[in-house]
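The values are calculated or read from the model by the stated rules, or taken from the named source; none is laboratory data. All figures in this text were calculated on a predicted structure; none of them were measured in a lab. Reconstructed Cβ throughout: ideal geometry from the backbone, glycine too, with neighbour counts over all protein chains shown. We work out accessible area using only protein heavy atoms, side chains counted, and drop any ligands, DNA or RNA first. Shrake-Rupley method; radii C 1.70, N 1.55, O 1.52, S 1.80 Å.
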Amino acid sequence: MFFLTACATPWQTVPDRLQSGHWSVRPPGGWMHMTTQDSEMFSKDGPYLEYIYVQEKPLNQGFRFTPKKMKADMLPHEAAQLIIDNMRSDPRIHQFNLLSNEPAIVSNQTGFRLAYTYLDPNGVMIQSVYYGVVLPQFFFNLRYTATQRHYFHQEMPAFKEFFSSLHISS
Amino acid sequence: MNIRTCIATGWFILGIATTAVGLDSAPPLSMQDQLWRLAEQEQTIYQQDHQLFNDETLNRFMKKVGDKLWRHVTSDLPPPRINIVVDPQPQAVTYADGGCYLTTGMLGVIQNVDQLAMVLAHEFVHYIRQHTVELYLLSAGTIHNTNLQPIKDNIVVDQIIQNAEHQADEEGLQLSIMAGYCPAKALELLSHFIIIAQSKGQISKTDQLINRKTYFEHLLNQLPQKTNCLQNRTDAPNNYAHVTAPILLANARKAIQTGDLNQADADVSRYLVLNPMDANAFFLKGKILNERPGNPNPVESIAYFEKAIELDPGLSSAHKALGVFHFKAGRYAKAKPYFETLINLAPQDASIEYIKGYLRICQK
C-alpha cells in the first residue's frame, strides 16, 4: 500500500505467465496486477486486504527511511538487516514484530526470508512475508502482505504457488 | 508534550487530583470510556514502539533525582514513574497517570544533574497540574461524541499549551530550587536545543525555543540574588556523565541502525573518553567505519574489531564482524575460526542460521 506511484498502468487481469525485467512468474488465476517502473503488484481482493509485490530495485537506489543502500557484496543477513532497519524507521509502522529472519533460496539464488507483523496507520494488524536477494546489478525482492485477520492465511496457498513458480534469470 | 498525547491521556479525569484543576463535573461516560481506551492505546503503542533502556545504576540515579524533587511536592497524586526509552531524539513525555518518559537522546544532550532536575521538574509540573486533563476539558465542547480527532488547528489549544509550558517552566524552576538544584544551568540546555534545531533547519521550533529561553531568563532574573547558584554551587559534572554513559552506546547503536554514522561516531567517541577500554565501544567504532560507503578504512575497522576481542574475547559481535569481513574477501580459512567461535559463544544470535551457511562454504 505504500508503493503506489504516479507511473502505474491500470489494474489488469493477470496472464498465465508474467515476464518483467529479469524475472518471470505464474500469477494466481483470477488475480489482477498493476505494473510500475520497477515493480509489479498483484491482488485478488484489493491491495488494502492483500497483495503480492515484486520489485527489481537498482542497487544505487536508496530506501525511504534509511540512507543505507544495498551493495553487490552484501551477504544475505546484511541485506535482511537493512530491510529490517528501513521498516523499523518507518513512522507509519507501529508495533513492528519480527517473527523470523532466516536464509532462503529465491529461484536458486541465496537470499533471505523475513516474516513480520505491524500495525498500520489505521490500526489494522498487517502480516507479511518478505523475500530478498542481492544480485550483481539489482536487489530483487518479493513480499506477500495482507491483513492478519482472515486474508493473510486465506491467500497464503496462492502465494506459495506464486513463489514456487518464480524464475530469476542470471 | 504533544497534542495527541494531551487528548489521549485525558482518561484520568476521574479519581486523579480533580482539585488540582478545579473540575466541577466529569465528562459523559461514553466520552470517558473512549478517552480511557485511547490513552491506554497511546501508552501501549508508545511502549511497544520504543525499547525501554534498563541500566540499574542509571535507573537508581534517575529515581534518586526524581525522589529528591517529589519530596517538595504537596499533592495527592502518586509519585511519577520515570522511564528511559531508546530514541536518539531528545524528548520528554509525561502522561496524566504519572508515566514519565525521557529518551536516551534527551539524556545525551543533558550535561549535568542540575539540567536533568530541571527537565524532570518541568515534566512533574505537567503531571501535578494535570495539564492534559485541563486541555481536554477546555476543548471538550469542540469534540463530537464519536470524533476524537486531534484539534491541531485550534488556536485556543496552542495558547493553552503555551501557558502550560510557561507554568511548567516557572513552577519547575521553583521545585528545582527547593530540591537544592541549580536551574540556571538549564539555560545552557536550552541553548543547546536551539543549536540542534538550527542545525536541522527547524525554523519554527528554533523560534519557539528562543522564546522559551527568553522567558526562562526572565524567570531567573526575578530570583533573589542568593538563589543564583552558578558561582556558589560546586558540582561533580563527571558523576552525571559517568552514570549516563551507557546511553551513549544505545544512541550510537540506534544511529547506526538509521544510518546516521556521524552521530554514532560522536556518541561512541564521547563514551570512550569516559570508558577508554570498553570492548563494545571499540566494536562500534569498527562497525561505523565498516558501514561508511565504500568502507574507506578497512584496515582500521579490522583493528577496532581485533582490539574489541583483545579486551573481551567473549564479544560475539566482534567475532561475527571479523568472520564476515574475511568471508566477503574470499579468505575462508581466516573466516572459519571466527564463525566457529561465534556459534559457540552465541548460538541464539539472530543471524546464526546465516552464519552456519557461510561456515559450510568455508569448510568445503
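Pairwise Cα separations in the range A:75-142 fall into 10 Å bins from 0 onward with the following percentages, short to long: 21, 50, 24, 5.
Heavy-atom accessible area with a 1.4 Å probe sorts B:ASP87, B:ASP49, largest first, into B:ASP49, B:ASP87.
Between B:ASN211 and B:THR44, residue separation times 0.36 nm minus the direct Cα-Cα distance comes to 56.8 nm. How large, in percent, is the carbon and sulfur part of the accessible surface of the range B:217-364 at a probe radius of 1.4 Å? Whole-percent figure for carbon plus sulfur exposure: 51.
How high is the FRET efficiency from A:GLN137 to A:ARG17, r the C-beta distance, R0 22 Å, rounded to 0.05?
On the way: r = 23 Å, r/R0 = 1.04.
That gives a FRET efficiency of 0.45.
Most tightly packed first, judged by the mean number of other beta-carbon atoms within 10 Å of their residues, the peptides B:59-72, B:91-104 read B:91-104, B:59-72. Please report, to one decimal in angstroms, the Kirkwood hydrodynamic radius of chain A built from all distinct Cα-Cα pairs. After inverting the pairwise mean of 1/r, the radius is 16.2 Å. Mean partner shielding of peptide A:74-83, defined as the number of other chain Cβ atoms within 10 Å of each residue Cβ, is 4. Loop exposure criterion: trypsin sites (Lys or Arg not before Pro), DSSP state outside H, G, I, E and B, at most 14 other Cβ atoms within 10 Å. Applied to chain A, the longest stretch between such sites is A:93-148.
Solvent-accessible surface of the range B:215-364, taken per residue with a 1.4 Å probe and all protein chains present: 52 Å².
Of the residues making up the range B:324-364, those losing 10 Å² or more of accessible area when the isolated chain is joined by the remaining protein chains, with a 1.4 Å probe, are B:VAL324, B:PHE327, B:LYS328, B:ALA350, B:SER351, B:GLU353, B:TYR354, B:TYR358. Note on B:ILE361 and A:ARG92: their simple-model spin labels are 3.4 nm apart, each label 7 Å out from Cα toward Cβ. Excluding ligands, DNA and RNA and using a 1.4 Å probe, chains A and B jointly bury around 1600 Å² of accessible surface, summed across both partners. Hydrodynamic estimate: the Kirkwood radius of the range A:9-104 over Cα pairs, inserted into Stokes-Einstein at 25 °C and 0.890 mPa s, corresponds to D of 158 µm²/s. Provide the FRET efficiency to the nearest 0.05 for the B:MET277-A:ARG149 pair, computing r from the beta carbons and using R0 = 56 Å. Between B:MET277 and A:ARG149 the formula returns 0.60.
Which shape class applies to the range B:229-356: rounded if a/c is under 1.5, otherwise prolate when a/b exceeds b/c and oblate if not, where a ≥ b ≥ c are the square roots of the Cα gyration tensor eigenvalues? Could the numbers behind the result be given before it?
Working: a/c = 2.62, a/b = 2.10, b/c = 1.25.
Here the range B:229-356 falls in the prolate category.
Projecting label points 7 angstrom from Cα along Cα→Cβ for B:LYS200 and B:GLU300 puts them 2.8 nm apart.
The ellipsoid that matches the Cα gyration tensor of the range B:314-364 has semi-axes, each √(5λ) in whole angstrom, of 16, 11, 8, with the longest given first.
In the P(r) worked out for the range A:118-170, what percent of Cα pairs fall beyond 18 Å? List each step's numbers first, then the result.
Details: 604 of 1378 pairs.
Beyond 18 Å sits 44 percent of the P(r) for the range A:118-170.
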